[in-house]
Every structure is written in C-alpha cells, then in structure tokens.
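J.: Let me begin by handing over the structure; questions about it come next.
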Amino acid sequence: MILVYPDLEALSRAAADLFAERVGNAIADHGRCAILLAGGETPRRTYELLADEPLRSRVPWGRLHLFWGDERSVASDDPRSNAQMVRRALLDRVPVPAGQVHPIPGDRDPRQSADEYEELLHRFFAGAPPRFDLVVLGLGDDGHTASLFPDSPVLEERERWASATRRAGEEIGRVTLTVPLINQAELVVFLVAGDDKATILREVLEEYPDPRSRPARMIRPEQGELRWLVDASAARLLHRTGKNGNLAH
Ligand code: 6PG
C-alpha cells in the first residue's frame, strides 16, 4: 500500500498515529510490542510527535521493546549514531524502561557488535520466529534501506539476523539487520520524503529493477504487511497515485 501525504509534517503525523495504534494492538494481542527503528532524517519528526501530547499519553511505553535496523561504528553520543538520534527525538522524553531499549553497539568491531546483537535477538524472541510488530525503514537515494546497500554481499544472507557491513567509500563500518529478519515482520513501514527521493522512489515502486541494485525492493514481509508513507514531493514522479493522492496498491 502506498499512501501519499501533502508534506513531511502530515506524513509524520500519520506515521506517529500508526505507531501508537500498532503498539496498542500488539499489546492487546500478546502483551508486549517489539519495534525496529530507522535512523536517518525522515523519521525524526515522527519520533518527536510520539513524545508530544496527545500521543505521549496514548502509548503504553512500559511495554515497548525497541531495537534498531542499523548503526554506524561510532560512539553512542556521536551525531551520526542512529541510537543518539532516536534518544534525542524520543527516548529522552518518554518512559521506556532502559532494559527494553536495545541500541546496536557502535563502539566495537562491527562483527562483534553484529554477533552480540544477533544473540540478543535470539534471547528476546526465545525460539519463536523473530516477528517484529512494527519495522520502520527509510529509503536512501541509491535504493538502500537500513544499511543494506546496492550489490552488497550482505544481501545474499539467508541465515543471519544481523551482519557487519560497509558503505562503499565510507571509512567507518556498520551493522545492519538482514533481509530475512526484516521480512518476518508483521508490518513494515517505509517513510520517504523530499524531492530528492522522487527518482529512486519511482524506480523502486514502478520500474522493477534487479532488487540487489535497489535493496529496498528486497523488503517483502513474508506473512506481514508493507506500507509506504510518502510525501507529495517524493511521490511526484509516481504514475499510480489516485485522485486524492492516496492509492492502495
Ligand atoms: C541510516 C539509515 C538509512 C536511512 C536512509 C534514508 O542510518 O542512515 O538507517 O537506511 O534510513 O539512508 O535516510 P533519510 O531518512 O535521512 O533520507
């Protein structure tokens, strides 16, 4: 499903509402809610809105378990840290118990960090399928999502849930969660905004290139749902948007 909003603010409001609704549903269904968070710039406003009323009071923060889709090998207070971004926008302002917040360690070798994170995920899901109730993702202008970059060897991963990786030309390493893990989710939501995403969004959604060259296309929840929340600037080159800009595909 592709939902188009007039601007980033409207998109963020819809995403924050959807987040609150999914948390409520997951907790009603199985008592807790496991969420995989995106870094990048686009979700920042969504996180801020969740920390403000009326949503702040609506979300049972004590039942949330938060994980990250990817992280750079930087210190936890580095501005490039995805954990730091979410902390500033959301976590410093809402009462999620510290033991339920699980950033990917950025202060060690990415291979070690990926191993540790995978172990943590195995402990959390305790033998059950690793089904996140909600996965939030962004779209890079080369078609990457999380730290799944075009033509990267990690795209071939079938077994592991977390892996060390690199972005071509970048000095620091990264850790990313893998396609098979993400595709177990109940709901995956891409948040995409801005003029500079229009070309890649059309390629990913309407031109069907080789998924390895546009890794966001590899995200297809096996039993769950996929939603694209996009703003009008990013959607301007899409052909298949309806009269009011909202079209379910
Ligand atoms: C990161 C992300 C990455 C991001 C996209 C889109 O850490 O950078 O996890 O996958 O979501 O690059 O980023 P923007 O939202 O900033 O455009």
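The values are calculated or read from the model by the stated rules, or taken from the named source; none is laboratory data. Note that the structure is a prediction, hence the values are computed from the model and not measured. Heads up, the Cβs are rebuilt from the backbone with ideal geometry, glycines too, and the neighbour counts pull from every protein chain shown. Heads up: the accessible areas ignore ligands, DNA and RNA and are worked out on the full protein's heavy atoms, side chains in. Shrake-Rupley method; radii C 1.70, N 1.55, O 1.52, S 1.80 Å.
J.: Please report the antiparallel percentage of the DSSP beta bridges confined to the chain, to the nearest 5.
T.: 30 percent
J.: For the chain, with a Gaussian network of springs between Cα atoms less than 10 Å apart, report the residue from VAL135, VAL179, VAL96 with the top mean-square fluctuation.
T.: Looking only at VAL135, VAL179, VAL96, the largest GNM fluctuation is found for VAL96.
J.: Okay, moving on. Starting from the amide H of VAL135, placed 1.01 Å from N in the peptide plane, find each other amide H under 5 Å away whose residue is 5 or more places distant or on another chain.
T.: Amide H neighbours of VAL135, under 5 Å, 5+ apart: LEU36, LEU187, VAL188, VAL189.
J.: In a shell of Cβ-Cβ distance under 10 Å around PRO211, excluding PRO211 itself, what net charge do Lys and Arg (+1) and Asp and Glu (-1) give?
T.: Computed value for this residue: +3.
J.: Moving to a separate point now. May I ask you to give the percent of accessible area on the stretch 129-229 that is carbon plus sulfur, with a probe radius of 1.4 Å?
T.: 44 percent
J.: Can you give the accessible area per residue of the chain, in Å², using a 1.4 Å probe?
T.: 44 Å²
J.: Now, a different point. Please give the net charge around LEU64, taking every other residue with its beta carbon less than 10 angstrom from that of LEU64, where Lys and Arg add +1 and Asp and Glu add -1.
T.: After counting each charged neighbour, the total is +1.
J.: In units of 2.2 N^0.38 Å, what is the alpha-carbon radius of gyration of the stretch 56-124?
T.: Dividing the Cα Rg of the stretch 56-124 by 2.2 N^0.38 Å gives 1.15.
J.: Also, quick follow-up: Counting only protein chains, not ligands or nucleic acids, how are HIS144, HIS30 ordered by accessible area (probe 1.4 Å), most first?
T.: Reading off the accessible areas and sorting them downward yields HIS30, HIS144.
J.: What order do ARG45, ARG240, ARG158 take when sorted by accessible area (1.4 Å probe), most exposed first?
T.: ARG158, ARG240, ARG45
J.: Now for a different question. On the first, second and third principal axes, largest extent first, how far apart are the outermost C-alpha atoms of the stretch 1-113 in Å?
T.: Computed over the stretch 1-113, the largest-to-smallest principal extents equal 38, 34, 28 Å.
J.: For the chain, what is the mean residue ellipticity at 222 nm derived from helices alone (per DSSP H run of n ≥ 4: -39500 (n - 2.57); sum divided by total residues; nearest 500 deg cm²/dmol)?
T.: Dividing the helical sum by the residues of the chain leaves -8000 deg cm²/dmol.
J.: Over the stretch 127-173, what is the mean sequence separation of C-alpha contacts under 8 Å (at least six apart), divided by residue count, expressed as relative contact order in percent?
T.: Relative contact order comes out at 20 percent.
J.: Right, something else. List, largest first, the extents of the alpha carbons of the chain along their principal axes, each in whole Å.
T.: Sorted largest first, the three principal extents are 46, 42, 34 Å.
J.: Which of ALA15, ALA162, ALA26 ends up with the largest GNM mean-square fluctuation for the chain, with Cα atoms connected below 10 Å?
T.: Judging by the Gaussian network model, the answer is ALA26.
J.: Over the chain, with a Gaussian network built from C-alpha contacts below 10 Å, which listed residue (ALA168, ALA75, ALA185) shows the highest mean-square fluctuation?
T.: ALA168
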